[in-house]
Amino acid sequence: MSSNADHSHHSADAHGHDHHGGHEAAHGTFKSYMTGFILSVILTAIPFWLVMAKVIPDPAVTGAIVMILGAIQIVVHMIYFLHMNTRSEGGWNMMALIFTIVIVIIALSGSLWVMHHLNANMMPMSPEMMRNMP
(Lines give C-alpha, C1' and ligand atoms only; values in the text may rest on other atoms or scores of the structure.)
Protein backbone atom coordinates (compact mmCIF):
# COMPACT_ATOMS: atom_id res chain seq x y z
CA MET A 1 0.00 0.00 0.00
CA SER A 2 2.74 2.46 0.88
CA SER A 3 4.62 1.74 -2.37
CA ASN A 4 1.53 2.71 -4.41
CA ALA A 5 1.15 5.90 -2.40
CA ASP A 6 4.81 6.75 -2.95
CA HIS A 7 4.51 6.26 -6.69
CA SER A 8 1.37 8.37 -6.95
CA HIS A 9 3.06 11.40 -5.39
CA HIS A 10 6.41 11.20 -7.15
CA SER A 11 6.92 10.51 -10.84
CA ALA A 12 9.94 10.59 -13.11
CA ASP A 13 10.11 10.01 -16.84
CA ALA A 14 12.38 7.51 -18.65
CA HIS A 15 15.26 10.02 -18.58
CA GLY A 16 15.07 10.42 -14.82
CA HIS A 17 13.67 13.96 -14.95
CA ASP A 18 11.41 14.74 -12.03
CA HIS A 19 8.05 16.18 -13.09
CA HIS A 20 6.63 16.55 -9.60
CA GLY A 21 4.48 19.64 -9.26
CA GLY A 22 4.73 20.58 -12.94
CA HIS A 23 8.06 22.38 -12.60
CA GLU A 24 9.63 21.19 -15.84
CA ALA A 25 11.13 24.57 -16.76
CA ALA A 26 14.89 24.34 -16.38
CA HIS A 27 16.93 27.17 -14.97
CA GLY A 28 18.93 29.04 -17.54
CA THR A 29 22.60 28.74 -18.22
CA PHE A 30 25.02 31.64 -18.34
CA LYS A 31 24.94 31.43 -22.15
CA SER A 32 21.13 31.66 -22.26
CA TYR A 33 21.11 34.62 -19.85
CA MET A 34 23.75 36.42 -21.94
CA THR A 35 21.81 35.70 -25.13
CA GLY A 36 18.68 37.17 -23.54
CA PHE A 37 20.61 40.18 -22.25
CA ILE A 38 22.22 40.93 -25.63
CA LEU A 39 18.87 40.57 -27.43
CA SER A 40 17.25 42.87 -24.86
CA VAL A 41 19.95 45.52 -25.33
CA ILE A 42 19.59 45.34 -29.11
CA LEU A 43 15.80 45.49 -28.89
CA THR A 44 16.12 48.58 -26.67
CA ALA A 45 18.81 50.34 -28.72
CA ILE A 46 17.03 50.04 -32.08
CA PRO A 47 13.84 51.89 -31.03
CA PHE A 48 15.94 54.50 -29.18
CA TRP A 49 17.98 55.09 -32.33
CA LEU A 50 14.85 55.19 -34.55
CA VAL A 51 13.25 57.87 -32.37
CA MET A 52 16.30 59.99 -31.54
CA ALA A 53 17.78 60.02 -35.07
CA LYS A 54 14.33 60.41 -36.71
CA VAL A 55 15.29 57.70 -39.20
CA ILE A 56 11.71 57.28 -40.43
CA PRO A 57 9.92 60.57 -41.18
CA ASP A 58 6.41 59.25 -40.42
CA PRO A 59 5.88 59.11 -36.63
CA ALA A 60 3.06 56.55 -36.99
CA VAL A 61 5.38 54.09 -38.73
CA THR A 62 8.08 54.73 -36.13
CA GLY A 63 5.55 54.13 -33.34
CA ALA A 64 4.37 50.90 -34.94
CA ILE A 65 7.95 49.64 -35.28
CA VAL A 66 8.71 50.56 -31.65
CA MET A 67 5.59 48.70 -30.46
CA ILE A 68 6.48 45.61 -32.53
CA LEU A 69 10.03 45.60 -31.17
CA GLY A 70 8.62 46.03 -27.66
CA ALA A 71 6.38 43.00 -28.14
CA ILE A 72 9.37 40.98 -29.38
CA GLN A 73 11.32 42.09 -26.31
CA ILE A 74 8.52 40.86 -24.04
CA VAL A 75 8.77 37.43 -25.67
CA VAL A 76 12.58 37.45 -25.27
CA HIS A 77 12.22 38.24 -21.55
CA MET A 78 9.65 35.50 -21.05
CA ILE A 79 11.76 32.86 -22.80
CA TYR A 80 15.26 33.73 -21.57
CA PHE A 81 14.58 35.17 -18.10
CA LEU A 82 11.25 33.71 -16.97
CA HIS A 83 11.94 30.33 -18.67
CA MET A 84 8.39 30.10 -19.98
CA ASN A 85 7.46 27.59 -22.64
CA THR A 86 4.36 25.65 -23.66
CA ARG A 87 5.17 22.73 -21.32
CA SER A 88 6.08 24.57 -18.11
CA GLU A 89 3.59 24.43 -15.22
CA GLY A 90 1.40 21.97 -17.12
CA GLY A 91 0.39 24.53 -19.76
CA TRP A 92 -0.90 27.12 -17.28
CA ASN A 93 1.94 29.50 -18.17
CA MET A 94 0.69 29.53 -21.77
CA MET A 95 -2.85 30.29 -20.60
CA ALA A 96 -1.52 33.13 -18.45
CA LEU A 97 0.47 34.41 -21.43
CA ILE A 98 -2.57 34.39 -23.71
CA PHE A 99 -4.64 36.19 -21.06
CA THR A 100 -1.87 38.78 -20.61
CA ILE A 101 -1.64 39.36 -24.36
CA VAL A 102 -5.40 39.91 -24.59
CA ILE A 103 -5.33 42.41 -21.70
CA VAL A 104 -2.32 44.27 -23.19
CA ILE A 105 -4.01 44.50 -26.60
CA ILE A 106 -7.20 45.85 -25.00
CA ALA A 107 -5.25 48.39 -22.93
CA LEU A 108 -3.06 49.57 -25.84
CA SER A 109 -5.83 49.77 -28.41
CA GLY A 110 -8.13 51.52 -25.92
CA SER A 111 -5.43 54.03 -25.00
CA LEU A 112 -4.62 54.76 -28.64
CA TRP A 113 -8.35 55.11 -29.43
CA VAL A 114 -8.89 57.55 -26.56
CA MET A 115 -5.79 59.61 -27.44
CA HIS A 116 -6.82 59.75 -31.11
CA HIS A 117 -10.30 60.98 -30.26
CA LEU A 118 -8.97 63.51 -27.73
CA ASN A 119 -6.64 64.86 -30.40
CA ALA A 120 -9.37 64.91 -33.07
CA ASN A 121 -11.88 66.66 -30.80
CA MET A 122 -9.48 69.19 -29.29
CA MET A 123 -10.24 72.81 -30.15
CA PRO A 124 -7.51 74.22 -32.41
CA MET A 125 -5.72 77.27 -31.04
CA SER A 126 -3.71 79.89 -32.87
CA PRO A 127 -0.45 81.19 -31.39
CA GLU A 128 -2.16 84.51 -30.54
CA MET A 129 -4.83 82.74 -28.50
CA MET A 130 -2.13 80.81 -26.62
CA ARG A 131 -0.26 84.01 -25.72
CA ASN A 132 -3.43 85.55 -24.24
CA MET A 133 -4.13 82.53 -22.04
CA PRO A 134 -3.88 83.23 -18.29
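The values are calculated or read from the model by the stated rules, or taken from the named source; none is laboratory data. This one's a predicted model, so the numbers in the text were calculated from it and none came from an experiment. No Cβ is skipped: glycine too gets one built from the backbone with ideal geometry, and neighbour counts run over all protein chains shown.
Being out of contact with any Leu (no Cβ under 7 Å at 6 or more places or on another chain), over 30 Å from Ala107 (Cα atoms), modelled with pLDDT of 90 or more and not in a loop (DSSP other than H, G, I, E, B) is the requirement here; does Ser3 meet it? Walk me through it before giving the result.
On the way: out of contact with any Leu (no Cβ under 7 Å at 6 or more places or on another chain): yes; over 30 Å from Ala107 (Cα atoms): yes; modelled with pLDDT of 90 or more: no; not in a loop (DSSP other than H, G, I, E, B): yes.
When the stated conditions are applied, Ser3 does not pass them.
Residue check: is Thr62 more than 22 Å from Thr35 (Cα to Cα) and touching a Leu at 6+ places or on another chain (Cβ under 7 Å)?
Numbers: more than 22 Å from Thr35 (Cα to Cα): yes; touching a Leu at 6+ places or on another chain (Cβ under 7 Å): yes.
Criteria met by Thr62.
Mind checking whether some residue in region 16-36 is assigned to a loop (DSSP other than H, G, I, E, B), at pLDDT below 85 and among the aliphatic types (A, V, I, L, M)? Reasoning before the result, please.
Step one: of region 16-36, the residues assigned to a loop (DSSP other than H, G, I, E, B) are 16-17, 19, 23-29.
Now restrict to residues that are at pLDDT below 85: 16-17, 19, 23-28.
Retained after the next criterion (residues that are among the aliphatic types (A, V, I, L, M)): 25-26.
There is at least one residue in region 16-36 that is assigned to a loop (DSSP other than H, G, I, E, B), at pLDDT below 85 and among the aliphatic types (A, V, I, L, M).
Pairs needed: first member in region 68-80, over 14 Å from Ile38 (Cβ atoms); second member anywhere, not in a helix (DSSP H, G or I); C-beta distance under 7 Å; at least 6 residues apart or different chains.
The qualifying pairs are Met78/Met84.
All but one of (1) free of Cβ contacts under 8 Å to residues at least 12 places away in the same chain; (2) over 30 Å from Gly28 (Cα atoms); (3) assigned to a helix (DSSP H, G or I) hold for Pro134; which doesn't?
(3)
Scan region 73-117 for residues that are in contact with a helix residue (DSSP H, G or I) (Cβ under 6 Å, 6 or more places away or on another chain) and surrounded by 10 or more Cβ atoms within 10 Å (Cβ to Cβ) and report the count. Steps first, please.
Our first condition is that a residue be in contact with a helix residue (DSSP H, G or I) (Cβ under 6 Å, 6 or more places away or on another chain); within region 73-117, this holds for 73, 76, 80-81, 84, 86, 89-90.
Checking the rest, the ones that are also surrounded by 10 or more Cβ atoms within 10 Å (Cβ to Cβ) come to 73, 76, 80-81, 84, 89-90.
The number of residues fulfilling the criteria is 7.
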